[in-house]
Amino acid sequence: MKQSITLNKITQLMGFGFLKPITALFTGKPQKEDVVNFLKKIVVPILSILLFLGVWQGGSTALFNKEANYKIEKALADQGQAAADEMRACIASGEISCQPNTLPSPSQVWASFKTLLEDHKIISADKLAFKEKTAAMNEKRIAAGKEPITYTGRPSFVDQIFTSLKTVFAGFLLALLIAVPIGVVIGLSTTLRSSFNWLIQIFKPVSPVVWLLLVFMIVKTLTKDSNSDSAFIISFISVGLCSMWATLVNTAMGVSSVDKDYINVAKVLKLGPMQKVFKVILPSSLPLIFTGLRITLSVAWMVLIAIELLAQSPGLGSFVWEEFQNGAIDSNSKIIVAMFVIGIIGFLLDRIMLTIQNMVSFNKNEGV
Amino acid sequence: MKTATLNTDATALSENGIEFPSKVMLDLHNLKKVYPTPKGDYVVLEDLNLQILKEEFVTIIGHSGCGKTTMLSMIAGLNPISGGNIAVLGNPVKGPGPDRGVIFQAPSLMPWMTALENVMLGVNQVFPHASKKERKDIAKYYLHKVGLDGSFDKKAIALSQGMQQRVGIARAFAIKPKVLLLDEPFGMLDSLTRGELQDILIEIWNKEKITAVMITHDVDEAIFLADRVVMMTSGPRAKIGDILNIDFERPRTRKSVLEHDDYYKYRKHLIDFLEH
């Protein structure tokens, strides 16, 4: 029984409270209400997923037929009956060259997902082989003071995901390091708050694209005579700048709205300014700071795709853009795969933040 | 007014380096509090004079909004004085400080700290030169005194309202203040818990004899705890209306107080004042 209690605690802490019915069903004697709970919280969501897939399948079939009919009619109008029949047969046979280009069906997306994974396996095997092959040569090159040879082949989908995660974490870290200290300082002083308010209000709604261009202007000049990866630098700084505002505003608000009773206690005990900040003000504003950080991380992940796309820095954003430009038969379904991967990773990132928040702050949040 | 006779120029005496001879711990002299409003100044307190002796327990009773809490927070130094002065042992109050411990109406514990850490927060501040173990022992002693032996390491947020206020009491006594200020500390509790906490409070107070000023709405509480009950007139321009000496022996028990012949005389006196 003890095991199930800790299991519950972990799921609760991660905001996965909705998984409780499963753990209840499998870790103890199932009660009647557990079964009802199971139906309500597990079966109903599964039904809704099936419904979603059904609507998707229906929609993509309708779009496919529309596109196919259009193609056939066009062939009929341009080249006559024989060409139209040929086109109809070609589409029905599944010949790649004449497939209508439209919303892919769930099964096509699933197939593309598997293709991408296969592709990843091939590329990583290739990479490993390359590494083994060049290991001896690289050692010599390093010994001779030359740069080692690195793999320059095409990155796989999974590699792109990790590149994106790296960029988003760098951006998030930057946002955290800028926004939290400034937020605390601004929150502590009403004078600073009113004197910087205009800046926050004006820059908060600025679009990610503009931030990117601004960062580009500055970084381009700064990295002129160094051979650092300026696309990565530009994209992570832009991500940080776009996403830091939620944390800045929330931190300032949290710090400025600390319960008056706590401040009075600090005054009566004559706590020094450092102690006041670290023992009273920061802990009591942690929930709001974390709310801000959660928004920041989700905004960072959201703008990342657009920024990677524009900054030509590798990652999911450029993957989506390349597939769109590519126009191969499975490009559309690869884009949908990327969409789901982006969504699921965004959701997981939010849960990770929620878990950290629940571990460090005094009031517990259920996942929303 | 009987307190007027005690009025000596306490500040001048101490400033001349002469040891302050009076038994007065806390001296409020012509105290005034004004809140500016768009329609002109609102005078909450005016010409308020009160002397509180060393080792005295004074309760203050009056209608809601008459300025009791304003007066208490001015003594605590949390609210600036508009006129007159407040002195503790002859030294004028210039701001908040641990020589005046406060027990607030809401327990005001830091919810992210344990009971022990909450008490330690004050103890660390007041006894910076004591060893860590000594400070911990002080905090534990007072938590033990308020009956929280098993709850040292519980987070404040996990404690009931009554338990939280017990920690509040421990925190206030543990910093060994000269004056203890209590702002309706039991106002938010149910009557059973309130009775328990009154007993705990008076038990510790009997031992420590810290000068205490307590605001209350509860006539029975005022009589049970106090040496003197101070009645304030209704605002605006509130001042001391009347003072009632409670001559029960200490240590008191609730039973002996309730059975005492004078109890209903005192009670009638207070209720008559409040109803007029």
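Within segment A:214-230, can one find any residue that is assigned to a helix (DSSP H, G or I), among the small types (Gly, Ala, Ser) and at pLDDT below 90? Checked segment A:214-230: at least one residue is assigned to a helix (DSSP H, G or I), among the small types (Gly, Ala, Ser) and at pLDDT below 90. Scanning segment B:127-140 for residues that are in contact with a helix residue (DSSP H, G or I) (Cβ under 8 Å, 6 or more places away or on another chain) and either open to solvent by 50 Å² or more (accessible area, probe 1.4 Å) or facing another protein chain (nearest Cβ under 9 Å) (or both) yields B:PHE127, B:LYS136, B:LYS140. Against the numbered list (1) out of contact with any Asp or Glu (no Cβ under 9 Å at 6 or more places or on another chain); (2) open to solvent by 30 Å² or more (accessible area, probe 1.4 Å); (3) at pLDDT below 90, A:ILE352 comes up short only at (3).
Filtered by the rule that a residue be open to solvent by 40 Å² or more (accessible area, probe 1.4 Å) and either more than 13 Å from A:ASN250 (Cα to Cα) or touching a residue at least 60 places away in the same chain (Cβ under 8 Å) (or both), segment A:178-196 gives A:ILE178, A:ILE182, A:LEU188, A:THR190, A:THR191, A:LEU192, A:ARG193, A:SER194, A:SER195, A:PHE196. For the criterion of being within 14 Å of chain A (Cβ to nearest Cβ), out of contact with any Asp or Glu (no Cβ under 7 Å at 6 or more places or on another chain), open to solvent by 70 Å² or more (accessible area, probe 1.4 Å) and charged (D, E, K, R), B:LYS154 passes.
Please verify whether A:GLN312 is at pLDDT below 90, surrounded by fewer than 17 Cβ atoms within 10 Å (Cβ to Cβ) and on the phi > 0 side of the Ramachandran plot, treating the condition exactly as stated. When the stated conditions are applied, A:GLN312 passes them.
Of the residues making up segment B:187-197, not a single one is under 18 Å from B:ILE61 (Cα atoms), among the acidic types (Asp, Glu) and not in a strand (DSSP E or B). Among the residues here, B:GLY62 does not qualify as within 30 Å of A:LYS279 (Cβ to Cβ) and open to solvent by less than 10 Å² (accessible area, probe 1.4 Å). Among the numbered criteria (1) closer than 19 Å to B:GLY195 by Cα; (2) exposed (fewer than 15 other Cβ atoms within 10 Å of the Cβ), which one does B:ASP272 miss? Tallying (1) closer than 19 Å to B:GLY195 by Cα; (2) exposed (fewer than 15 other Cβ atoms within 10 Å of the Cβ), B:ASP272 fails exactly one: (1). Among the numbered conditions (1) touching a Gly at 6+ places or on another chain (Cβ under 9 Å); (2) open to solvent by 40 Å² or more (accessible area, probe 1.4 Å); (3) under 20 Å from A:LEU310 (Cα atoms); (4) not basic (Lys, Arg), the only one that A:SER164 does not meet is (2). Yes or no: A:LEU50 without any contact (Cβ under 8 Å) to a residue 60 or more places away in the chain, assigned to a helix (DSSP H, G or I), of a type outside the set (Lys, Arg) and farther than 19 Å from A:GLY327 by Cβ? So A:LEU50 fits the description; yes. Taking the criterion of being more than 30 Å from A:PHE324 (Cα to Cα), at pLDDT below 90 and not in a helix (DSSP H, G or I), would at least one residue in segment A:195-205 satisfy it? So far as segment A:195-205 goes, yes, one or more of its residues are more than 30 Å from A:PHE324 (Cα to Cα), at pLDDT below 90 and not in a helix (DSSP H, G or I).
Within segment B:75-126, the residues that satisfy the criterion of being away from every other protein chain (no Cβ under 13 Å), surrounded by 18 or more Cβ atoms within 10 Å (Cβ to Cβ) and out of contact with any Phe, Trp or Tyr (no Cβ under 9 Å at 6 or more places or on another chain) are B:ILE81, B:ILE86, B:ALA87, B:VAL88.
The values are calculated or read from the model by the stated rules, or taken from the named source; none is laboratory data. Bear in mind the structure is a predicted one, so any value in this text is a computation, not a measurement. Neighbour counts run over all protein chains shown; Cβ positions are idealised from the backbone, glycine included. With ligands, DNA and RNA removed, areas are computed over all heavy atoms of the protein, side chains included. Shrake-Rupley method; radii C 1.70, N 1.55, O 1.52, S 1.80 Å.
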